[in-house]
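So the structure is just underneath, and the comments pick up after that.
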Amino acid sequence: TGKELFSWAIHKNSRRSGQNFVVVDCASLPETIVEAVLFGHERGAFTGADKSKIGLITQADGGTLFLDEVGELPPSIQGSFLRVLQERKLRPIGSIKEIASNFRLISASNRNLDEMVKKGRFRKDLLFRLRTFAIALPPLREHPQDIKDLTASCLSKLSKRYGNGIKGLSPEFIDTLLDYDWPGNVRELFNALERSIAAAGDSPTLFPAYLPTEIRVKVKRDQVGEAEIPGKVFAADTSPPGKPLKTLQEHRVEAILLAEQRYLEALMAHTEGNIGEACRVAGLSRSRLYSLLKKYGISSRG
(Lines give C-alpha, C1' and ligand atoms only; values in the text may rest on other atoms or scores of the structure.)
Protein backbone atom coordinates (compact mmCIF):
# COMPACT_ATOMS: atom_id res chain seq x y z
CA THR A 1 0.00 0.00 0.00
CA GLY A 2 3.03 2.31 0.00
CA LYS A 3 3.68 2.30 3.75
CA GLU A 4 7.39 2.99 3.41
CA LEU A 5 6.76 5.74 0.85
CA PHE A 6 4.30 7.46 3.19
CA SER A 7 6.75 7.16 6.05
CA TRP A 8 9.51 8.65 3.90
CA ALA A 9 7.20 11.55 2.99
CA ILE A 10 6.52 12.23 6.67
CA HIS A 11 10.26 12.21 7.38
CA LYS A 12 11.16 14.48 4.45
CA ASN A 13 8.49 17.03 5.40
CA SER A 14 9.57 17.27 9.04
CA ARG A 15 12.30 19.07 10.95
CA ARG A 16 14.19 15.78 11.04
CA SER A 17 14.53 15.60 7.24
CA GLY A 18 18.28 16.25 7.36
CA GLN A 19 18.90 13.23 9.59
CA ASN A 20 18.79 9.47 8.99
CA PHE A 21 15.69 7.60 7.86
CA VAL A 22 16.33 4.06 9.13
CA VAL A 23 14.16 1.21 7.82
CA VAL A 24 13.73 -2.03 9.77
CA ASP A 25 11.84 -4.90 8.12
CA CYS A 26 10.75 -6.82 11.22
CA ALA A 27 9.46 -9.72 9.12
CA SER A 28 12.92 -10.45 7.73
CA LEU A 29 14.78 -10.42 11.06
CA PRO A 30 15.36 -13.83 12.71
CA GLU A 31 14.49 -13.76 16.39
CA THR A 32 18.05 -14.78 17.28
CA ILE A 33 19.57 -11.55 15.92
CA VAL A 34 16.77 -8.97 16.15
CA GLU A 35 18.00 -7.66 19.53
CA ALA A 36 21.56 -7.21 18.26
CA VAL A 37 20.32 -5.49 15.09
CA LEU A 38 18.10 -3.03 16.95
CA PHE A 39 20.19 -2.37 20.06
CA GLY A 40 23.71 -3.04 18.81
CA HIS A 41 26.36 -4.97 20.70
CA GLU A 42 29.82 -4.76 22.20
CA ARG A 43 32.79 -6.78 21.03
CA GLY A 44 32.77 -10.27 22.52
CA ALA A 45 29.13 -10.01 23.64
CA PHE A 46 28.38 -13.33 21.94
CA THR A 47 30.01 -15.84 19.64
CA GLY A 48 30.95 -14.15 16.40
CA ALA A 49 30.86 -10.60 17.80
CA ASP A 50 34.47 -9.83 16.86
CA LYS A 51 33.83 -6.08 16.94
CA SER A 52 31.33 -3.61 18.39
CA LYS A 53 28.39 -2.60 16.22
CA ILE A 54 25.95 0.30 16.50
CA GLY A 55 22.28 -0.72 16.48
CA LEU A 56 19.66 0.69 14.15
CA ILE A 57 17.91 2.56 16.98
CA THR A 58 21.12 4.46 17.67
CA GLN A 59 21.60 5.11 13.95
CA ALA A 60 18.17 6.78 13.91
CA ASP A 61 19.21 9.31 16.58
CA GLY A 62 17.88 12.72 15.52
CA GLY A 63 15.98 11.17 12.63
CA THR A 64 13.25 8.61 11.99
CA LEU A 65 13.07 4.89 12.75
CA PHE A 66 10.59 3.07 10.52
CA LEU A 67 9.52 -0.38 11.75
CA ASP A 68 7.80 -2.14 8.86
CA GLU A 69 5.56 -5.10 9.81
CA VAL A 70 5.90 -4.29 13.50
CA GLY A 71 3.49 -7.15 14.26
CA GLU A 72 6.36 -9.53 13.48
CA LEU A 73 8.50 -8.11 16.31
CA PRO A 74 9.28 -11.14 18.53
CA PRO A 75 7.47 -11.12 21.90
CA SER A 76 10.82 -11.49 23.65
CA ILE A 77 11.88 -8.07 22.33
CA GLN A 78 8.59 -6.18 22.69
CA GLY A 79 9.12 -5.41 26.39
CA SER A 80 12.65 -4.09 25.84
CA PHE A 81 11.52 -1.99 22.92
CA LEU A 82 8.62 -0.53 24.92
CA ARG A 83 11.13 0.68 27.52
CA VAL A 84 13.21 2.29 24.77
CA LEU A 85 10.12 4.17 23.56
CA GLN A 86 9.38 5.38 27.07
CA GLU A 87 12.90 6.34 28.11
CA ARG A 88 14.55 6.99 24.73
CA LYS A 89 17.53 5.06 26.08
CA LEU A 90 18.91 1.62 25.29
CA ARG A 91 21.70 -0.68 26.41
CA PRO A 92 23.64 -2.53 23.66
CA ILE A 93 24.19 -6.24 24.26
CA GLY A 94 27.22 -6.75 26.47
CA SER A 95 27.44 -3.09 27.54
CA ILE A 96 27.07 -1.67 31.04
CA LYS A 97 26.19 1.80 29.75
CA GLU A 98 22.95 3.14 28.37
CA ILE A 99 22.88 5.19 25.18
CA ALA A 100 20.34 7.93 24.47
CA SER A 101 18.61 8.07 21.11
CA ASN A 102 16.16 10.83 20.19
CA PHE A 103 14.24 9.35 17.27
CA ARG A 104 10.78 9.57 15.81
CA LEU A 105 9.15 6.16 15.46
CA ILE A 106 6.87 5.26 12.57
CA SER A 107 5.56 1.70 12.62
CA ALA A 108 3.42 -0.12 10.06
CA SER A 109 1.60 -3.42 9.84
CA ASN A 110 -0.76 -5.24 7.49
CA ARG A 111 -1.93 -7.45 10.33
CA ASN A 112 -4.72 -6.91 12.86
CA LEU A 113 -2.74 -5.98 15.97
CA ASP A 114 -5.87 -5.94 18.15
CA GLU A 115 -6.46 -9.61 17.32
CA MET A 116 -2.80 -10.35 18.06
CA VAL A 117 -3.22 -8.69 21.47
CA LYS A 118 -6.25 -10.90 22.22
CA LYS A 119 -4.21 -13.99 21.31
CA GLY A 120 -1.32 -12.89 23.50
CA ARG A 121 1.08 -12.45 20.57
CA PHE A 122 1.48 -8.67 20.91
CA ARG A 123 1.77 -6.56 24.04
CA LYS A 124 -1.25 -4.40 24.74
CA ASP A 125 0.81 -1.64 26.37
CA LEU A 126 3.14 -1.50 23.37
CA LEU A 127 0.18 -1.20 21.00
CA PHE A 128 -1.17 1.72 23.06
CA ARG A 129 2.23 3.37 22.83
CA LEU A 130 2.42 2.91 19.07
CA ARG A 131 -1.03 4.39 18.49
CA THR A 132 -0.19 7.96 19.36
CA PHE A 133 -1.31 8.85 15.84
CA ALA A 134 -2.64 6.42 13.25
CA ILE A 135 -3.04 6.64 9.47
CA ALA A 136 -5.04 3.97 7.63
CA LEU A 137 -3.74 3.30 4.10
CA PRO A 138 -6.28 1.64 1.76
CA PRO A 139 -5.24 -1.42 -0.28
CA LEU A 140 -4.49 -0.84 -3.95
CA ARG A 141 -7.74 -2.51 -5.03
CA GLU A 142 -9.66 0.33 -3.35
CA HIS A 143 -7.96 3.07 -5.40
CA PRO A 144 -7.45 1.54 -8.87
CA GLN A 145 -7.43 5.04 -10.35
CA ASP A 146 -3.83 5.29 -9.13
CA ILE A 147 -2.63 2.20 -11.00
CA LYS A 148 -1.83 4.08 -14.21
CA ASP A 149 0.27 6.70 -12.40
CA LEU A 150 2.04 4.07 -10.32
CA THR A 151 2.76 2.09 -13.48
CA ALA A 152 4.18 5.13 -15.27
CA SER A 153 6.40 5.95 -12.29
CA CYS A 154 7.66 2.37 -11.99
CA LEU A 155 8.40 2.01 -15.71
CA SER A 156 10.33 5.28 -15.65
CA LYS A 157 12.54 3.99 -12.84
CA LEU A 158 13.02 0.61 -14.52
CA SER A 159 13.98 2.18 -17.84
CA LYS A 160 16.70 4.19 -16.10
CA ARG A 161 17.92 1.13 -14.23
CA TYR A 162 18.16 -1.09 -17.31
CA GLY A 163 18.78 1.64 -19.90
CA ASN A 164 16.35 0.18 -22.43
CA GLY A 165 13.91 3.08 -22.82
CA ILE A 166 10.31 3.35 -21.65
CA LYS A 167 8.06 0.76 -23.30
CA GLY A 168 4.61 1.51 -24.58
CA LEU A 169 1.53 -0.07 -23.03
CA SER A 170 -1.19 -1.75 -25.04
CA PRO A 171 -4.81 -0.97 -23.98
CA GLU A 172 -5.24 -4.67 -23.11
CA PHE A 173 -2.21 -4.52 -20.81
CA ILE A 174 -3.72 -1.58 -18.90
CA ASP A 175 -7.11 -3.30 -18.74
CA THR A 176 -5.52 -6.39 -17.20
CA LEU A 177 -3.77 -4.29 -14.57
CA LEU A 178 -7.08 -2.62 -13.71
CA ASP A 179 -9.00 -5.91 -13.57
CA TYR A 180 -6.59 -7.58 -11.14
CA ASP A 181 -7.22 -7.17 -7.39
CA TRP A 182 -3.52 -6.88 -6.34
CA PRO A 183 -3.48 -8.75 -3.02
CA GLY A 184 0.24 -7.89 -2.77
CA ASN A 185 -0.55 -4.20 -3.35
CA VAL A 186 2.07 -1.80 -4.75
CA ARG A 187 4.99 -4.18 -4.24
CA GLU A 188 3.23 -6.87 -6.30
CA LEU A 189 2.42 -4.33 -9.03
CA PHE A 190 6.04 -3.22 -9.31
CA ASN A 191 7.26 -6.82 -9.32
CA ALA A 192 4.79 -7.70 -12.09
CA LEU A 193 5.95 -4.75 -14.19
CA GLU A 194 9.61 -5.68 -13.80
CA ARG A 195 8.86 -9.27 -14.81
CA SER A 196 6.86 -8.01 -17.80
CA ILE A 197 9.79 -5.92 -19.03
CA ALA A 198 12.10 -8.92 -18.72
CA ALA A 199 9.63 -11.12 -20.64
CA ALA A 200 9.11 -8.47 -23.35
CA GLY A 201 12.78 -8.38 -24.30
CA ASP A 202 13.23 -6.10 -27.32
CA SER A 203 9.50 -5.58 -27.85
CA PRO A 204 8.71 -1.83 -27.67
CA THR A 205 5.23 -2.47 -26.27
CA LEU A 206 3.96 -4.41 -23.27
CA PHE A 207 1.05 -6.81 -23.88
CA PRO A 208 -0.89 -8.96 -21.35
CA ALA A 209 1.09 -12.03 -22.44
CA TYR A 210 4.17 -10.55 -20.77
CA LEU A 211 2.49 -10.36 -17.35
CA PRO A 212 3.07 -13.18 -14.81
CA THR A 213 0.92 -16.22 -15.58
CA GLU A 214 -0.81 -16.20 -12.20
CA ILE A 215 -2.09 -12.66 -12.78
CA ARG A 216 -3.45 -13.41 -16.26
CA VAL A 217 -5.12 -16.62 -15.08
CA LYS A 218 -6.73 -14.90 -12.08
CA VAL A 219 -8.15 -12.12 -14.27
CA LYS A 220 -9.52 -14.62 -16.80
CA ARG A 221 -11.07 -16.79 -14.09
CA ASP A 222 -12.75 -13.76 -12.53
CA GLN A 223 -14.14 -12.78 -15.92
CA VAL A 224 -15.48 -16.28 -16.50
CA GLY A 225 -17.01 -16.36 -13.04
CA GLU A 226 -18.67 -13.01 -13.65
CA ALA A 227 -20.09 -14.19 -16.96
CA GLU A 228 -21.61 -17.22 -15.26
CA ILE A 229 -23.70 -15.05 -12.92
CA PRO A 230 -27.16 -15.06 -14.58
CA GLY A 231 -27.92 -11.43 -13.77
CA LYS A 232 -24.63 -10.31 -15.31
CA VAL A 233 -25.07 -12.42 -18.46
CA PHE A 234 -28.63 -11.30 -19.12
CA ALA A 235 -27.82 -7.67 -18.35
CA ALA A 236 -25.08 -7.78 -20.96
CA ASP A 237 -27.22 -9.59 -23.55
CA THR A 238 -30.52 -7.79 -23.07
CA SER A 239 -32.11 -6.92 -26.42
CA PRO A 240 -32.36 -3.22 -27.41
CA PRO A 241 -35.55 -1.33 -26.43
CA GLY A 242 -38.41 -2.12 -28.76
CA LYS A 243 -36.93 -5.43 -29.87
CA PRO A 244 -38.32 -8.75 -28.61
CA LEU A 245 -36.31 -10.59 -25.98
CA LYS A 246 -34.38 -13.66 -27.02
CA THR A 247 -35.63 -16.99 -25.86
CA LEU A 248 -34.25 -18.59 -22.73
CA GLN A 249 -32.55 -21.24 -24.86
CA GLU A 250 -30.83 -18.55 -26.96
CA HIS A 251 -29.60 -16.81 -23.81
CA ARG A 252 -28.38 -20.14 -22.41
CA VAL A 253 -26.43 -20.94 -25.57
CA GLU A 254 -24.80 -17.50 -25.64
CA ALA A 255 -23.81 -17.78 -21.97
CA ILE A 256 -22.26 -21.21 -22.53
CA LEU A 257 -20.33 -19.99 -25.57
CA LEU A 258 -19.03 -16.98 -23.65
CA ALA A 259 -17.96 -19.11 -20.67
CA GLU A 260 -16.32 -21.64 -22.97
CA GLN A 261 -14.36 -18.94 -24.79
CA ARG A 262 -13.12 -17.35 -21.59
CA TYR A 263 -12.14 -20.70 -20.15
CA LEU A 264 -10.04 -21.44 -23.22
CA GLU A 265 -8.37 -18.01 -23.00
CA ALA A 266 -7.54 -18.63 -19.34
CA LEU A 267 -6.36 -22.15 -20.20
CA MET A 268 -3.91 -20.93 -22.85
CA ALA A 269 -2.67 -18.16 -20.57
CA HIS A 270 -2.16 -20.63 -17.73
CA THR A 271 -0.23 -23.08 -19.92
CA GLU A 272 1.53 -20.29 -21.85
CA GLY A 273 0.22 -21.70 -25.12
CA ASN A 274 1.59 -25.22 -24.60
CA ILE A 275 -0.94 -27.47 -26.38
CA GLY A 276 0.19 -30.67 -24.68
CA GLU A 277 -0.12 -29.16 -21.21
CA ALA A 278 -3.44 -27.51 -22.10
CA CYS A 279 -4.86 -30.88 -23.22
CA ARG A 280 -3.79 -32.45 -19.94
CA VAL A 281 -5.33 -29.68 -17.82
CA ALA A 282 -8.61 -29.49 -19.77
CA GLY A 283 -8.99 -33.22 -20.35
CA LEU A 284 -9.35 -32.73 -24.11
CA SER A 285 -7.82 -34.47 -27.09
CA ARG A 286 -5.40 -32.48 -29.21
CA SER A 287 -7.78 -32.43 -32.20
CA ARG A 288 -10.71 -31.27 -30.06
CA LEU A 289 -8.67 -28.50 -28.47
CA TYR A 290 -7.43 -27.29 -31.86
CA SER A 291 -11.01 -27.25 -33.09
CA LEU A 292 -12.19 -25.12 -30.17
CA LEU A 293 -9.28 -22.71 -30.45
CA LYS A 294 -10.01 -22.22 -34.14
CA LYS A 295 -13.71 -21.73 -33.37
CA TYR A 296 -12.98 -18.82 -31.03
CA GLY A 297 -9.95 -17.42 -32.84
CA ILE A 298 -7.57 -18.11 -29.96
CA SER A 299 -3.92 -18.51 -30.89
CA SER A 300 -1.54 -21.13 -29.44
CA ARG A 301 2.17 -21.81 -29.41
CA GLY A 302 1.70 -25.17 -31.13
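The values are calculated or read from the model by the stated rules, or taken from the named source; none is laboratory data. Keep in mind it's a predicted model, so treat the numbers as computed, not measured. Neighbour counts run over all protein chains shown; Cβ positions are idealised from the backbone, glycine included. Quick note on the areas: whole protein, heavy atoms, side chains included, nothing else; ligands and nucleic acids left out. Shrake-Rupley method; radii C 1.70, N 1.55, O 1.52, S 1.80 Å.
The calculated FRET efficiency for the pair R280 and I256, based on their C-beta separation and a Förster distance of 30 Å, comes to about 0.80. Shape call for segment 1-147 from the C-alpha gyration tensor, a ≥ b ≥ c root eigenvalues: rounded (a/c under 1.5), prolate (a/b greater than b/c) or oblate? Verdict is prolate for segment 1-147. In the structure shown, the pairs K148/K220; K12/K118; K148/K218; K220/K295; K97/K124 are assessed against 27 Å; a Cα-Cα span above that value is assigned to K12/K118; K97/K124. Sequentially through segment 260-265, phi angles give Karplus couplings (6.51, -1.76, 1.60; θ = phi - 60°) of 5, 5, 5, 5, 5, 4 Hz, Gly and Pro residues having no value and appearing as x. In plain terms, the chain from L178 to N191 could stretch by 3.1 nm, reckoned as 0.36 nm per residue minus the Cα-Cα distance.
With θ taken as phi - 60° and the Karplus curve 6.51 cos²θ - 1.76 cosθ + 1.60 applied, the whole-hertz 3J(HN,Hα) list for segment 198-210 is 5, 6, 6, x, 8, 5, x, 10, 8, 10, x, 4, 7 Hz, x standing for glycine and proline. Amide H contacts of F122 (H built 1.01 Å from N, in plane; Pro and chain starts excluded): V117 sit under 5 Å, all sequence-distant by 5 or more or on other chains. Length available on full extension from L137 to A152: 0.36 nm per residue minus the Cα-Cα distance, which gives 3.3 nm. Under the simplified labelling scheme, the A200-D114 pair shows an inter-label distance of 4.3 nm, with each label point 7 Å from Cα along Cα→Cβ. Counting only protein heavy atoms and a 1.4 Å probe, segment 251-292 has 53 square angstrom of accessible area per residue. Per-residue extension of 0.36 nm, minus the Cα-Cα distance of A27 and V217, leaves a gain of 65.5 nm for this segment. Rounded to whole numbers, the Karplus 3J(HN,Hα) couplings from phi for segment 281-287 are 5, 7, x, 10, 6, 4, 5 Hz, using 6.51 cos²θ - 1.76 cosθ + 1.60 with θ = phi - 60°, and x at Gly and Pro. Note on Y162 and T247: with the Förster distance fixed at 51 Å, the Cβ-Cβ geometry gives a FRET efficiency of about 0.35. For segment 1-67, applying the loop criterion from DSSP together with a ceiling of 16 other beta carbons within 10 Å to the trypsin sites (Lys or Arg not before Pro) yields R15, R43, K51. Per residue, segment 81-228 exposes an accessible area of 59 Å² to a 1.4 Å probe, with every protein chain left in place. Averaged over its residues, segment 6-65 has an accessible area of 59 Å² per residue, based on protein heavy atoms and a 1.4 Å probe. Surface composition of the chain: carbon plus sulfur atoms contribute 52% of the solvent-accessible area (1.4 Å probe, protein chains only, all chains present).
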